[in-house]
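Working notes, structure below.
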Amino acid sequence: MLQGTEDPASAARTNVWGFIQAKYEKDFSDANALGQYVPPKLLGPELDAQDGFNINRARIGVRGTGFPLDSRINYFVLLEMGNNGITHGGGAFAKMSDASVTLNYIPGARIRAGLFKTPGSEEGLQAIHVFDYINFSEATNGLLLERFPNKGFTDCTDTIPPCNATTGNVGPYTEAQLQGGAGLNRFDSPVGAFRDVGVQVFDAFDIGNDWEASYAAMIGNGNGIEFSNSDGEYDTYLYFSAEKKYGGKGPKAEGLKFFAWGQQGKRLIDLTNDTTANAQSHDRDRAGLGFKYMKKPFRVTAEYITADGMIWSGPDKPNFYFTQIAHGNGADAKASGWYVEGGWYIPKTRFELDARFDTMTRLEDRINEHQFDKWTLGMQYHFNPKTRVTLNYEIRDFECTVAGAVCTAVNNNLKGVDDKVGVQLTAIF
């Protein structure tokens, strides 16, 4: 409702808005025994350094209604010009991240069409400029922030440890190779950014005693922010929530919300090593449920996420996802994760303290099962309602958890993954 509708009584015909996020991050991880680095030890989207400044988001948009012609129609357009996974894929300077029109004619069934955020996880669906952390949880990043396989065959198949630069493939790299221009991120397409092109039916209803229910059902191309449907298949998305309203409005409205969501689709991927592009279709299913409580001075959120089928392997394998035949037992690859986080808005100050624990188990019950655990400790200082600075310190423990040669090889690279610190300035206009 926040992103797809306007108040017909007060919305302007044209409202220009946007935000800028500038940050500094430093990763304290060490190289492996051969002096090489893998992506968890490097900063994105370039993956060629362990510290540096970045304009990770710079977005400008226009939204409004058709008033005075018809206030029952509203629109939403947003352009991304920061340095991140949206603009990095394909080397674009700027990329359209949102472009949609909502028709508010049918009571209980608003219709939104175009490019917009899909019904899904709280971390993904929430507007990023009011997100309380610099980086996403591992489950959201690894299972939901989708990287789409390159359409053609590339010379990097599923080898462990990751493909070796000396054989003409990619990663891991030594520091000298990184400084010499070697790159681990070889994806042709931008990240999905929790978005899709399609049509959605949605609405929200008061159900008494200050409770509100909302739903959304969407069908989309299943190709993120790219305007295409290369596999001829469609993704479906479902969402439902019920919230006890405590007051306020907008993204900082106070309440107790319970939510559940599900996504189903297919992806084309080339899993062969025969120098020929011969992609096949495989399932990609996701689901989750959780709750969020916010009533100042406190905030608590928890969410559980599951994944089945296509699971991202890493940026050193731009045509490869783990699927049912990867290191397989004949069944689809599976993963799950959860996070719990909380915040305290210190009374009579402009400071906010935050803490989050998140975990993800990838490739469950396989010979290369991975476990990713992370603590994030944070502080925010609000200069005013639209400008704040965020400080995060991440404590990470990444490992392959099954005894055997495969996990030994993986852990040779994951050994040395260490803490990360970041400072981010957000300004909304």
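Only the coordinates and a few stated rules stand behind these numbers; no lab work does. Note that the structure is a prediction, hence the values are computed from the model and not measured. Because the Cβ atoms are built from the backbone with ideal geometry, glycine has one as well, and the counts that use them run over all protein chains shown.
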Which value results for Rg/Rh of segment 1-154 when Rg is the Cα radius of gyration and Rh the Kirkwood radius based on the inverse mean 1/r? 1.06
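Suppose we look only past 12 Å in the calculated P(r) of segment 201-253. What percent of the Cα-Cα pairs does that tail hold?
Numbers: 1000 of 1378 pairs.
In whole percent, the long-distance tail amounts to 73.
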I'd like the distance between the alpha-carbon centres of segment 372-392 and segment 1-55, rounded to an integer number of Å. 13
Please compute, over every Cα-Cα pair in the chain, the percentage with a separation greater than 30 angstrom. 43
Cα extents of segment 1-83 per principal axis, largest first, Å, are 67, 19, 15
Any chance you could run the full-extension gain for F28 through A204? It's 0.36 nm times the residue separation minus the Cα-Cα distance, nm to one decimal. 58.8 nm
Cross-link table K296/K420; K26/K295; K266/K420; K23/K374, entries beyond 26 Å C-alpha to C-alpha: K296/K420; K26/K295; K266/K420
The percentage of Cα-Cα pairs in segment 96-137 separated by more than 11 Å is 73
Loop-resident sites, segment 199-298, for trypsin sites (Lys or Arg not before Pro), counting at most 12 other Cβ within 10 Å (DSSP): K249
I need to check one value: relative contact order of the chain, counting alpha carbon pairs closer than 8 Å and at least 6 residues apart, in percent. 16
The long-range amide H neighbours of D196, using H built 1.01 Å from N in the peptide plane and a cut-off of under 5 Å, are F116, T118
Where does each of 408-414, 232-238 land if you order them by average Cβ count within 10 Å, highest first? 408-414, 232-238
Separation in nanometres of the label points that stand 7 Å from Cα toward Cβ, at Y105 and K295: 4.2
Over the chain, the sum of -39500 (n - 2.57) across DSSP H runs of at least four, divided by residue number and rounded to 500 deg cm²/dmol, gives at 222 nm -1000 deg cm²/dmol
Would you mind calculating the gained length between L69 and I346 on full extension (0.36 nm times residue separation, minus the Cα-Cα distance), in nm to one decimal? 95.1 nm
